[in-house]
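Structure first, commentary second.
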Amino acid sequence: MKFARPLPLALICVAMFGFGFLLVPLYTVFCEWTGINGKTSGVYQESTVDLKVEDRVVKIQFISNHNANLSWPFKPVEEQVSVKLGEKRKVVFTVANPTNLPVVAQAVPSVSPSEAAPFLHKIECFCFQQQDLLAGEKKDMPLVFFIDADLPDHIKKLTLSYTLFDVTPAADDALAQR
C-alpha cells in the first residue's frame, strides 16, 4: 500500500483552514454585493447637502427578537411608523435587564425585503455598539434613520428586525486580553 506524500496533504489542510477562516468575511462581502440577507450598512455619513424629502410615504415595521440565552424584555416603542422618503425619523427601542448581574448585549439588524437594505440609512443606532446594562437597569435606545428617495417604487413597506444577543462572555474575554 502506498501512502500520499505529506506536503500535498499539509497544503490541503492549510487551504481548508484558510477557507474556514475567511468564510465570514467572504459572506459579508457577498451579502453587501448581492443585497441578500437584508444586511444593513454601517453609520450613514451625513453630508452638508439637505436631504430631498419626497411626498411618497412608506411604512416601516419594527420587530425585536432575542436569542434563547438572553431573557431581556426588548421591544420598539412604536411597532410601525409611516415616513416620507428622505425624512429623518427617530424611533426608540426599550430594553431591560431583569437579572441580578450586569450583562452586555449586541443587536444585529436585518431589513426585509433585502432589496430595500441599501436605501435604509441609519444615522444613529443602538446596534452600532454593545449595550451594557447593570442588574435591573432599563434603557431607551434610539434609532435615527431615513429612507433614500431612490427606493424602488414597488416597495411600499419595509421591515426592520433586530435580534439581541448576549455577548457578555465575549466582552469579558476582550477586557481580559487588554
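Under 5 Å between amide hydrogens, which residues at least 5 positions from Thr163 or on another chain qualify, with H placed 1.01 Å from N in the peptide plane?
Asn65, Val108
Scan around Thr99 for amide H atoms under 5 Å from its own, H built in the peptide plane at 1.01 Å from N, and keep only partners 5 or more places away or cross-chain.
For Thr99, the qualifying residues are Gly136.
Once you put a point 7 Å from the Cα of Glu115 and another 7 Å from the Cα of Ala96, both along the Cβ direction, what distance in nm separates them?
About 4.1 nm separates the two model spin labels.
Read the figures in this text as sums done on the coordinates, not as results from a lab. These numbers were taken from a predicted model, which means no experiment stands behind them. Here Cβ is always computed from backbone atoms with ideal geometry, including for glycine, and neighbour counts include all displayed protein chains.
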